[in-house]
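Rule-based calculations on the coordinates, nothing more; no lab input. What you are looking at is a predicted structure, and each value in this text was computed from that prediction instead of being measured. Cβ coordinates were reconstructed from backbone atoms using ideal geometry, including for glycine residues, and neighbour counts include every protein chain displayed.
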Amino acid sequence: MNKPKELTLYVAGQTPKSVAAIRNLEKICAEHLDSSYVVKVVDLKENPRLAREHNIVAIPTLVRQLPVPIQKIIGDLSDTEKVLVHLQLGDPA
Amino acid sequence: MTAGIEKALTGIEGFDDITMGGLPRGRPTLVCGSAGCGKTLFASTFLVNGARAGEPGVFVTFEERPSDIVDNVASLGFELDSLVEEELIAIEHIAIDPSELAEVGDYDLEGLFMRLELAVEEVGAKRIVLDTIESLFSAFQNPAILRAEIRRLFDWLKDKGLTAVITGERGDGALTRQGLEEYVSDCVILLDHRVHNQISTRRMRIVKYRGTPHGTNEYPFLIGEDGFSVLPVSSLGLEHQVYDERLSSGIADLDAMLTGGGFHRASSILFSGVAGAGKSSVAMCFVDAACARGERAMVFSFEESADQIVRNMRSIGLDVAKWIDEGRLRCISARPTFYSLEMHLAIMVREISRFRPSLVVLDPISAFLDSGEQLEVQAMLLRMVDYLKSNGITGIFTNLAHDQTVGKTDAGLSSLMDAWLLLLNREVNGEFNRELYLLKARGMAHSNQVREFVMTENGIRLLEPYLGAHGALTGSARRLAEAQDRRQETSRRAEVMALQDKVTQRRHRAELEIATLQAEVAAEEAELRRLLKAEEDYRNQAAADLAELAAGRNASGG
C-alpha cells in the first residue's frame with residue numbers, strides 16, 4: 001500500500017476528552033496501523049481558524065483526509081473496533 | 001423602553017411595538033416555526049437592521065450556503081454582500097454531513113464554539129443568528145451530549161452578551177424538536193403559516209418573553225416587498241376621544257335631514273341596501289366632500305377596481321380622479337378571498353396608519369360575510385371600528401342586504417354603528433325608485449322621513465317627499481300627484497278670482513245705491529229746513545201783528 005494515508009486528530013487544549021483521544025489514537029496506530037500512515041494532532045486552541053478551514057465542529061475529531069472520501073470520526077475513540085471500521089482500514093483480523 | 005431588561009430593536013415593522021422595544025439585548029431568542037414560515041427572513045432582517053444601526057452581527061448558517069442567503073434577501077433590498085464587505089456582517093457557514101461522520105465515544109462541540117467566537121471577534125459582533133439549530137443537531141446522534149451542548153451554547157451566547165436569534169423547526173406537539181431550546185431561551189417567538197378555507201395566513205405569537213410585558217395575541221404578519229412586517233391589531237376598547245364637529249356628507253339634502261348639518265366626525269356610518277340602491281355612490285359623495293375640504297380619504301373596495309370607481313362616479317358628476325392625482329384619495333382594491341380576515345384587517349390598518357386619512361370607506365363589508373364566519377367578521381369589524389374611532393377617522397361601511405327588511409343586518413352590525421342609512425329600491429306601479437331613510441343617528445335629532453333620492457349628472461339629490469292623502473309617494477306616482485295638485489290649484493285659484501270679481505262689483509253697486517239714497521235724504525232735509533224757517537217766520541210775523549193790534553186798541557180807549 002503505497003497510497004498516501006493521512007489522519008489528523010483535532011483537539012482543543014488538554015481537555016480530558018482530547019487527552020483520551022490522543023492516547024487512544026496512539027494505541028490504535030501502534031497496534032493496528034502500519035507506518036504508511038501520517039498521523040497529525042492539531043490543537044485548535046492554537047489556531048482556531050483551522051476549525052473553519054477544515055470544517056470542524058465537534059471535538060475531538062479524527063479526520064481521514066486521504067484516501068478520499070474524507071471520513072470523520074468524532075469522540076474520544078474509546079472503541080478501537082468501531083474506529084477501525086469507520087476508517088475502512090480493511091478487516092482488523 | 002420599560003425598566004428591567006434592555007432591548008435591541010429589530011427594525012421589523014410592528015414587531016418592536018408589540019415587544020415594546022425589540023428582542024432582549026444580550027440574550028438568546030428562539031424563533032420557531034415549521035418550514036417556510038419566515039424564520040430565516042426574520043433572523044436576517046434582525047441582523048441587517050442591527051448592522052445598519054451600528055451593531056455588527058454574525059450569521060451562522062447550518063443549511064444554506066452564504067451566497068444563497070445573500071441572494072435570498074437581496075430582493076428585499078438588504079445588501080448583505082456589501083455589509084459583509086464592510087465587515088459589519090460575517091456569514092459563517094457550518095456544514096455537517098452526517099454521512100461522513102461517525103461517533104465513537106465522548107465528544108463535545110468545542111469546535112463550533114471556537115468558530116463562533118472567531119467570527120464574533122472578527123466583526124466585533126453584538127448580534128448573532130443561528131439558522132437553524134436543528135440542522136446542526138440532527139447531525140449528531142448522542143442526545144445526552146446534544147442537550148448538554150444546547151445548554152452550553154445558550155449560556156455561551158449569554159456570557160458573550162450577544163443578542164441572539166436562534167431559529168428552530170417545530171417538533172411534533174412541541175415548540176422545538178429537542179423540547180429544550182424554548183426553556184433556555186429568554187424569548188420565544190412562534191411563527192405559523194396556516195391555511196384555512198384555502199386562504200393562507202401568517203401569524204406570529206410571542207410565547208414567552210422573560211422580564212417584560214408583551215402582547216400575547218397572535219399577530220398576523222406579512223412577508224411582502226418591503227420585508228417582514230408584523231401587523232398589530234390591538235383591541236382598543238371604548239376610551240376614544242369624541243368629536244362634536246360635524247362633517248358634511250357631500251349631499252346637501254342629506255345634511256339637512258340632520259340637525260347640526262351633518263354626521264359627527266369619527267363616527268361609524270353604515271349604508272345598507274339591496275343591489276343597485278346606490279350605496280357606493282353615496283359613500284363616494286362623502287369621500288368627495290372630505291377631499292374637497294382638503295382632508296384625505298381612503299377607499300377599500302372589495303368589488304371594484306380603482307379605475308372602475310372613477311369611471312362610475314363620473315356618471316353622477318363626481319370627479320374623484322383628481323383627488324387620486326392630488327394624493328388625497330387612495331383606493332385599494334382586493335378581493336375578500338385574497339387574504340384571510342385577519343390579514344385584511346391588518347393590511348387595512350397598516351395602510352391607514354401610513355396614509356393617515358380622515359375618512360375610510362369599506363365597500364362592501366358584506367363581501368366578507370360570504371368568505372368568512374359571521375362571528376369572525378363581526379369581530380374584525382369591531383376592531384376596525386375601534387381602530388378608526390381611536391384615530392379620529394370617520395368610517396363608512398356599506399352592506400349589501402339581501403332583502404329590504406328593516407332592522408336586520410347580517411352580522412349584527414347595527415350596534416357597532418353610530419349612524420345607519422337605509423337605502424331602498426322599491427317597486428311601485430312598475431318602476432323602481434330609490435329611497436333613503438335615516439334609520440339611526442346617535443346623538444343627533446334627525447328627520448324621520450323616507451326621502452326619494454335621485455342620481456343625476458350633477459350629483460345626488462334628495463327630493464322633498466310628496467305627502468298626500470295616501471301617504472308619501474315617490475317616482476312617477478309622486479310626479480303625477482304633484483301634477484294633479486298643480487292642476488287642482490290652478491282651477492281653485494280661478495274660482496277664487498271669479499268670486500273676488502263678483503264681490504267687488506257688488507260692492508260698487510251697493511256704494512252707488514248708498515250715494516243715491518244719501519242724496520235723496522239730503523234733498524228732503526233741505527226741504528224740511530226750508531219749511532221750518534217758513535213756519536218760524538210766520539210765527540214771528542203773527543206775534544208782531546198781535547202786538548201792533550193791541551197797541552192800537554189802547555190808543556182809542558184811553
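Before moving on, here are some points about what is shown:
- Taking every Cα-Cα distance in chain B and sorting them into 20 Å bins from zero, the calculated P(r) comes out as 17, 32, 21, 12, 6, 5, 4, 3, 2, 0, 0 percent.
- Fraction of the pair-distance distribution of the stretch B:277-340 above 17 Å, Cα-Cα pairs, percent: 35
- From most to least packed by mean Cβ count within 10 Å, the peptides B:200-208, B:68-76, B:517-525 give B:200-208, B:68-76, B:517-525.
- With contributions of -39500 (n - 2.57) from each DSSP H run of at least four residues, the per-residue ellipticity at 222 nm computed over chain A stands at -9500 deg cm²/dmol.
- Note on A:5-15: average number of Cβ atoms from other chains within 10 Å of each residue's Cβ is 1.
- Using only alpha carbons, the protein assembly as shown has a radius of gyration to Kirkwood radius ratio (Rg to Rh) of 1.50.
- Legend: distances between Cα atoms for A:Lys40/B:Lys160; A:Lys72/B:Lys160; A:Lys45/A:Lys82; A:Lys17/B:Lys160; B:Lys7/B:Lys389; B:Lys7/B:Lys208; pairs beyond 21 Å are A:Lys40/B:Lys160; A:Lys72/B:Lys160; A:Lys45/A:Lys82; A:Lys17/B:Lys160; B:Lys7/B:Lys389.
- In loop segments of the stretch B:426-528 as defined by DSSP, the trypsin sites (Lys or Arg not before Pro) with at most 13 further C-beta atoms inside 10 Å of their C-beta are B:Arg442.
- Pairwise Cα separations in the stretch B:58-187 fall into 10 Å bins from 0 onward with the following percentages, short to long: 11, 42, 35, 12, 1.
- The peptide list B:533-539, B:343-349, put in order of mean Cβ contacts within 10 Å with the highest first, becomes B:343-349, B:533-539.
- The packing ranking of peptides B:254-261, B:93-100, highest mean first, is B:254-261, B:93-100, where packing means the average number of other beta carbon atoms within 10 angstrom of each residue.
- Per-residue mean of foreign Cβ neighbours for B:95-101 is 4 (Cβ atoms of other chains, 10 Å radius).
- Partner shielding of B:196-206 amounts to 0, given as the average count of beta-carbon atoms from other chains within 10 Å of each residue beta-carbon.
- Euclidean distance of C-alpha centroids, the stretch B:258-302 and the stretch B:494-517, integer Å: 62
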